[in-house]
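For reference, the structure discussed in these notes is given below.
The values are calculated or read from the model by the stated rules, or taken from the named source; none is laboratory data. Since the structure is predicted, the reported quantities are computational estimates derived from the model, not experimental observations. Cβ coordinates were reconstructed from backbone atoms using ideal geometry, including for glycine residues, and neighbour counts include every protein chain displayed. Just so you know, the surface numbers come from the protein's heavy atoms only, side chains and all, with ligands and any DNA or RNA stripped out. Shrake-Rupley method; radii C 1.70, N 1.55, O 1.52, S 1.80 Å.
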Amino acid sequence: MNQLAFDEETGRQLEQLYRIGDSVRRRHFVRSALSAAPGERVLDVGCGPGFYCAELAEDVGTEGSVVGVDASPQMLALAARRCEGLGNVAFHQTEASSLRVEDASFDAAICVQVLEYVPDVNAVLAGICAALGQGGRVVVWDVDWATVSWHSLHPDRMARVLRTWDEHLAHPSLPRTLGPELRAAGFEQVEMQPHSFASATFDPDTYGVALIPLVKSFVSGRGAVTEQEADEWAAEQEMLGGQGEYFFSCTQFCCTATRPAG
Ligand SMILES: C[S@@+](CC[C@H](N)C(=O)[O-])C[C@H]1O[C@@H](n2cnc3c(N)ncnc32)[C@H](O)[C@@H]1O
């Protein structure tokens, strides 16, 4: 079954998703964990529409620089538009598992919700480790989709929708193995911080509500979910929201690690 395609339509949906309050909160967690300082060179692997690149460009200032890489030309076009006029940001089209950047040329790197899509996690992490100078820091963020708890009056349909949604990526529960993967790729001082994204109200500023159109369009007519069922699933969430009965929760993980100093 095909994974989610990072094409123009997904780009349009992600542009909306990344504007909501929960996404702003997530970027705050990532930027705090990275603590990029003025003058630093930062690599964003799987930069998507470039929200992080634009914000990190402020953190590192004009003496520093940010390089965003992504496999998708559509995502890179959105990122370039977002960072237009920022002289300290550059973008390259690159497959994350065969990163083509100069060794030891970065002080820090981020890889936010990208590894879960890439079959060869070790290749990406080893490439990031090589791209960092000694003592360089990385922040890796991924979602454990098995932690999703989502209320429905039709639990069988919800289970099928979530099982089908799991096909949108390569590793539905990547955080479970991320620590050992980071150490195997050469990192040390590996730490992991869980963050809960939960909502008991139908608030469009929350991750669970903003995710509904993405899940609906991916599962619709795929596997065990018909188009009609996908429509009814999404409509039910809105109905529950209107009755004050909406509930969504999932746990996302922020991993920090460093390349050994020598
Ligand atoms: C969910 S988006 C996250 C975007 C960005 N990191 C953020 O959090 O704002 C995943 C991104 O990873 C990119 N991606 C997925 N697989 C990739 C691969 N194998 N190599 C490079 N980029 C990849 C996609 O094109 C997409 O832009």
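Binned at 5 Å from 0, what are the whole-percent values of the Cα-Cα distance distribution for region 1-99, short to long?
Reading the bins upward from 0: 3, 14, 22, 24, 22, 11, 3, 1, 0, 0.
I'd like the FRET efficiency for HIS195 and THR226, computed as 1/(1 + (r/R0)^6) with the beta carbon distance as r and R0 of 30 Å, rounded to 0.05. Numbers along the way, then the final one.
On the way: r = 34 Å, r/R0 = 1.14.
So, using R0 = 30 Å, E works out to roughly 0.30.
Which Cα, out of GLY85, SER35, GLY21, lies furthest along the positive dipole direction of the chain (beta carbon charges, K/R +1, D/E -1)?
Of the candidates, SER35 comes out farthest on the positive side.
How far apart, in nm, are the 7 Å Cα→Cβ label points at SER105 and ARG163?
Those two pseudo-labels are separated by 4.7 nm.
Per residue, what volume in Å³ does the convex hull of the Cα atoms of the chain enclose? Please list the in-between numbers first.
Details: hull volume 29.0 nm³, N = 262.
In the chain, the Cα hull volume divided by residue count equals 111 Å³.
Can you tell me, using C-alpha contacts under 8 Å and at least 6 residues apart, the relative contact order of region 26-115 as a whole percent?
For region 26-115, the relative contact order is 35 percent.
With θ set to phi - 60° and the Karplus curve 6.51 cos²θ - 1.76 cosθ + 1.60, what are the ³J(HN,Hα) couplings of region 42-47 in order, to the nearest whole Hz, using x for Gly and Pro?
Rounded to whole hertz, the list is 10, 9, 10, 8, x, 5.
Per-residue ellipticity at 222 nm for the chain, helices alone: DSSP H runs ≥ 4 residues times -39500 (n - 2.57), over residue total, nearest 500 deg cm²/dmol? Don't jump to the answer; show the numbers that get you there.
On the way: 10 runs with 104 residues, N = 262.
Estimated from H runs of four or more residues: -12000 deg cm²/dmol.
In whole percent, and with a 1.4 Å probe on the protein chains, what portion of the accessible area of the chain is carbon and sulfur? Display every interim value, and only then the final one.
Values: 5650 of 11390 Å².
That fraction is 50 percent.
Where is the GNM fluctuation largest for the chain (alpha-carbon springs, 10 angstrom cutoff): GLY179, GLY87, GLY208?
Result for the chain, Cα springs under 10 Å: GLY87 fluctuates most.
If I histogram all Cα-Cα distances within region 108-221 using bins 5 Å wide from 0, what percent of pairs lands in each bin?
P(r) over region 108-221, rounded to whole percents: 2, 10, 18, 21, 16, 12, 10, 7, 3, 1, 0.
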